[in-house]
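The values are calculated or read from the model by the stated rules, or taken from the named source; none is laboratory data. Just so it is clear, the structure is predicted and the values come from calculations on it, not from any experiment. We place every Cβ from the backbone using ideal geometry, glycine too, and count neighbours over all the protein chains shown. Surface accessibility is based on the protein's heavy atoms, side chains included, excluding ligands, DNA and RNA. Shrake-Rupley method; radii C 1.70, N 1.55, O 1.52, S 1.80 Å.
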Amino acid sequence: MKIFLHHTIVALAILPGLLISNPSSAADNFVFWPDANYDPAIPTIESVLGHQPGERITWHAEAIRYFEALAEAAPDRISVAPYAQSWEGRELVYAVVTSAENMRRIDEIKANMQRLADPRGTPRSEAQRIINTQPAVTWLSYGVHGNEISSTEAAMLTAYHLLASRGDERVARIMRDTVVVIDPVQNPDGRDRFIHHFEIAEGLLPDDDRVSAEHNEPWPGGRTNHYFFDLNRDWFIQTQPETQGRVELIQQWYPVAFVDAHEMGSDSTYFFAPGATPYNPHLASNQRESLEIFGRNNAHWFDTFGLDYYTREVFDEFYPGYGASWPSYFGSISMTYEQASARGLLVRQYDGNVLTYPYTIRNHFVTSISTAEAVAVNRQKFLDDFYDYRASAIEEGKKDNIRSYVLPTQPDQAAANKLVGLLVRQGVEAGRANSSFEACGKSYEVGSYVINTAQPAKRLIRTLMDTNVPMEEEFITEQERRRAKNLRDEIYDVTAWSLPLMMNVRADSCNRNISGNFTAKGTELLQAGKVSGVSDAVAYLVPWGSATAVRFLTNALRQGIELKSSDKAFTHSGRRYPAGTLIVDVADNSDALLENISGLAAATGADVVAVDSSWVTDGPNFGSENVVRFTQPRVAIAWDQPTSSYSAGNTRFVIERQFDFPVTAIRINQLKRADLSRYQVLILPAVGWSGNYEEALGEKGTANLKDWVTKGGVLIGLGNANRYLANPEIDLLSIRRENAVIEVDKEKVKANGDGNDNGKKPKETTVEGQYLTSSDDYKALITPEKDNPDSVAGVLVNSNVDPDHWLGAGVAPTLNVLVRGSDIYTPVKMNKGVNVAVFAAADNLLASGYIWEQNRKQLAYKPFVVAQRSGRGYVIGFTQDPTVRAYLDGLNVIFMNAILRGSAHARPVR
Ligand SMILES: [Zn+2]
């Protein structure tokens, strides 16, 4: 009986394999590396996991199990260790593979790289001595996008091949002259999400038809992590635990080469370095040249195996938040490799060719070995280059026009603290002033930060701190040429990411290196707040306007503390408090209030002032009608199609993880009919690639939302969700989306029509002939009567805030907004609502990045934030998404005002 049971379990365990048993399984007899002679003492993937490479898609836990089996079999040559944990509790691990001889002194090898990384303590002669016997580190990263599946299998094969190959000179050299670090699953939550949905959809045979369910991931797909972040945009802002662990780890090793292995569309081939223009001007020229070394070696192997590939046409590394760019700023040569995806076990390409999973794995495996080989062959050069990169950075920092950044003490000091802590986590050295000082003709107080650029991290400092990082002139000219012809631009991501602008932190640049009495800033992002003032308080005040004050409010609400806030600024005991300042009355709260408030101040970083009188000398008293009482709002967010998973997930992250406040995700289908009366706030995230709210919600859903708002709900639309709110048929907001301005002769364009007859049948089958006597005539003829403004890749623009509205309370007078896409809206009329934040005049609009001239002119004075009363509730529109990548910290106060102050201002029947 027991035996029978045992067999049953075994049969069940292998059921998935049986389900898709394929007599001509592509994995059978697939040769990954011809003529390889493998040591049977090293466990194969099949012996540990029960499937051959490419026969199944390997789950994260299985991949880890395989690496652990390798470590058990060959502990002298491979070590495996964790470096982070995902939101869903999965462990991120990395493997170090090298010869037994290197492994015995692995700590020394690591320490040597750290010494090479700082030429100030390691003179060139000493560096040469180290380099003579130092293996170079190659870093191979796989699966940052969870639905780009083949690379994790390639990671396992790479480790196996390096450990098990016998009599292979190439492998022996890699093991002797390099250390290979393998990061097999950078995004385990995303990978397992993909596999789960894939396996649910599987049938008797793997299906190569891409309309089949197994090739169509349901929302949100497996690309992103738990909060739907693209981890391949997170490297310098490090909002996610996966990235935080990785960034800390990689700076212990300083690899000379870094590969991020991806997948791309199924109809493609394979892409490797060198990448496309534009190049970031802060990269060293020999880094560009070295890309070619890897490209040529990969090309050699692809020719040997008869594989197609391409280089240069796409995938630039201009934006510093990619895996293929961020490591460049400490001196690595970083690259993206892209394999056409099978998005399953096989897929039919446009020309009828069937792309199999083993084939895609093999290609990433080949470039992995090829990359390690290129590092082994060029070991000395790459180590020399690395040392030179760090040394030349210091020298450049002594001569550049910007030789230091100074962050003075400022209204939102918490933001400045966070910004500098974030830089320190990336290897930047920064000092906090212990005494006041002067620099470049300005005086700075104790507590100001100084970052001199004469340090190894100089190029990272410049690319993250400079107001603008220009693209090559030639590249821009080409993009303008393309745009004039209505061709898509080739800008891959945003063109602006300046940290001081995004975090609304004042940072002065100076053309001197600054010396003085400074204490090195540590990696902490937050300083504990404290309670100051009197001991016999009648109230506690928390000045509004920073993330720390917002966190104080959300945590206090969750603890049941009674709070109020003033819509107007006031003066108390000679100190001016900004609008929005929190007021905690002792009389309203329990005896434990001081203890609770002290704990909150320490945990949230907010500074609290205890006052012994409610008497203000200017502005509203604490019992004024301009002071509103908070309730703890229940916050909901629309989830699932048609929302953009990025917008939905990143917004939820900002509220939950940056402000500790829970959010209920409600699927669109539920929103159609659900009783929303439990919720005070509902957020409509931006819309994704397909679908729209009009259709998804239908008439019933829209009626449900309207009813809820008029009864006192606060409806907040983000980015292009405002297309729905502003749709005249919906009319939840009275703003309207604008067409592009027609710049050629309008009359002629009108006369010619735009070929779009709005559904009416044309009366004639032919049109009147005409002479075109100039190129302007021709342009008028081909210009549509109605078109969207051109899409902007991503720029930071200035917007001005109305301080009189409660939504602008405590908010900085000018905000930097990331503008992307083509949406531009008319301002709301004064009798309908308030334009709480409006984009600046055209001449003053652009803060950073590259914007099309027409968009610059058309965005001027158009709304960024509008608020409109509707019955007892509010509709609030943010025409650009304030929570993008959770990295626009400067917009957090106005965004959280919409949620927390919005629900305090709505008037539901209670
Ligand atoms: Zn990718």
Residue 249: passes all of (1) modelled with pLDDT of 95 or more; (2) within 25 Å of residue 368 (Cβ to Cβ); (3) crowded, with 16+ Cβ neighbours inside 10 Å; (4) within 15 Å of the ligand (Cβ to nearest atom) but (4)
If you check every pair at least six apart or on different chains, which have Cβ atoms under 9 Å apart with a residue in the stretch 119-145 that is within 30 Å of residue 193 (Cα to Cα) and in a loop (DSSP other than H, G, I, E, B) first and a residue that is within 16 Å of the ligand (Cβ to nearest atom) and aliphatic (A, V, I, L, M) second? 143/149; 143/155; 143/185; 143/261; 144/231; 144/261; 145/231
Going residue by residue through the stretch 121-144, is there one that turns out to be touching a Leu at 6+ places or on another chain (Cβ under 9 Å) and within 16 Å of the ligand (Cβ to nearest atom)? yes
Just name the residue that is farthest from the ligand (Cβ to nearest atom) out of those in the stretch 162-188 that are surrounded by 24 or more Cβ atoms within 10 Å (Cβ to Cβ) and in a helix (DSSP H, G or I). 175
Scan the stretch 893-910 for residues that are open to solvent by 10 Å² or more (accessible area, probe 1.4 Å) and under 23 Å from the mean Cα position of the chain (by Cα) and report the count. 1
Just checking, does the stretch 745-761 include any residue being at positive phi, surrounded by fewer than 21 Cβ atoms within 10 Å (Cβ to Cβ), in a loop (DSSP other than H, G, I, E, B) and touching an Asp or Glu at 6+ places or on another chain (Cβ under 7 Å)? yes
What's the number of the only condition in (1) among the aliphatic types (A, V, I, L, M); (2) under 15 Å from residue 718 (Cβ atoms); (3) at pLDDT below 95 that residue 663 fails to meet? (3)
Sort out for me the strands (runs of 3 or more DSSP E) sitting completely within the stretch 556-632 that have 2 or more residues that are over 25 Å from residue 906 (Cβ atoms). 570-572, 575-577, 608-611
Filter the stretch 103-118 down to the residues that are open to solvent by less than 50 Å² (accessible area, probe 1.4 Å) and either without any contact (Cβ under 8 Å) to a residue 24 or more places away in the chain or among the hydroxyl-bearing types (Ser, Thr, Tyr) (or both) and list them by number. 111, 112
Those residues of the stretch 823-849 which are outside any strand (DSSP E or B) and open to solvent by less than 20 Å² (accessible area, probe 1.4 Å), in sequence order: 823, 824, 828, 840, 845, 849
Restricting attention to the stretch 297-316, which residues are closer than 23 Å to residue 495 by Cβ and open to solvent by less than 20 Å² (accessible area, probe 1.4 Å)? 316
Filter the stretch 230-246 down to the residues that are away from the ligand (no atom under 13 Å from the Cβ) and among the hydrophobic types (A, V, I, L, M, F, W, C), then identify the one that is farthest from residue 105 (Cα to Cα). 237
Restricting attention to the stretch 801-819, the residues that are open to solvent by 10 Å² or more (accessible area, probe 1.4 Å), of a type outside the set (Gly, Ala, Ser) and touching a strand residue (DSSP E or B) at 6+ places or on another chain (Cβ under 9 Å) number exactly 9
Output the qualifying pairs, or none if there are none: Cβ atoms under 9 angstrom, residues six or more apart or on different chains, first residue in the stretch 216-228 and over 14 Å from residue 192 (Cβ atoms) and assigned to a loop (DSSP other than H, G, I, E, B), second residue within 16 Å of the ligand (Cβ to nearest atom) and not small (Gly, Ala, Ser). 216/343; 227/240; 228/220; 228/646
If you check residue 855 against the conditions, is it open to solvent by less than 20 Å² (accessible area, probe 1.4 Å) and under 19 Å from residue 659 (Cβ atoms)? no
Quick check on my filter: what residues within the stretch 615-674 are hydrophobic (A, V, I, L, M, F, W, C) and more than 29 Å from the chain's Cα centre (by Cα)? 615, 616, 622, 627, 628, 630, 674
Does the stretch 709-731 hold any residues that are touching a residue at least 40 places away in the same chain (Cβ under 8 Å), more than 22 Å from residue 689 (Cβ to Cβ) and open to solvent by 10 Å² or more (accessible area, probe 1.4 Å), and which are they? 710, 711
Give the residues of the stretch 335-382 that are within 15 Å of the ligand (Cβ to nearest atom), of a type outside the set (Ser, Thr, Tyr) and over 30 Å from residue 132 (Cα atoms), sorted by residue number. 338, 339, 340, 342, 343, 363, 364
Taking the condition farther than 28 Å from residue 243 by Cα, among the aromatic types (Phe, Trp, Tyr), modelled with pLDDT under 95 and part of a helix (DSSP H, G or I), does residue 30 pass? no
Could we say that residue 88 is among the acidic types (Asp, Glu) and farther than 30 Å from residue 652 by Cα here? no
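Quick grid of which residues meet (1) touching a Lys or Arg at 6+ places or on another chain (Cβ under 7 Å); (2) within 16 Å of the ligand (Cβ to nearest atom); (3) in a strand (DSSP E or B); (4) at pLDDT 95 or above:
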| site | (1), (2), (3), (4) |
| --- | --- |
| 255 | no, no, no, yes |
| 261 | no, yes, yes, yes |
| 268 | no, yes, no, yes |
| 281 | no, no, no, no |
| 295 | no, no, no, yes |
| 298 | no, no, no, yes |
| 301 | no, no, no, yes |
What are the residues in the stretch 189-227 that are among the β-branched types (Val, Ile, Thr) and within 15 Å of the ligand (Cβ to nearest atom), if any? 224
Conditions (1) touching a residue at least 12 places away in the same chain (Cβ under 8 Å); (2) under 20 Å from residue 365 (Cβ atoms): number failed by residue 320: (2)
Of everything in the stretch 481-499, what is open to solvent by 10 Å² or more (accessible area, probe 1.4 Å) and in contact (Cβ under 8 Å) with a residue 60 or more places away in the chain? Give them in sequence order. 483, 489, 490, 491, 492, 493
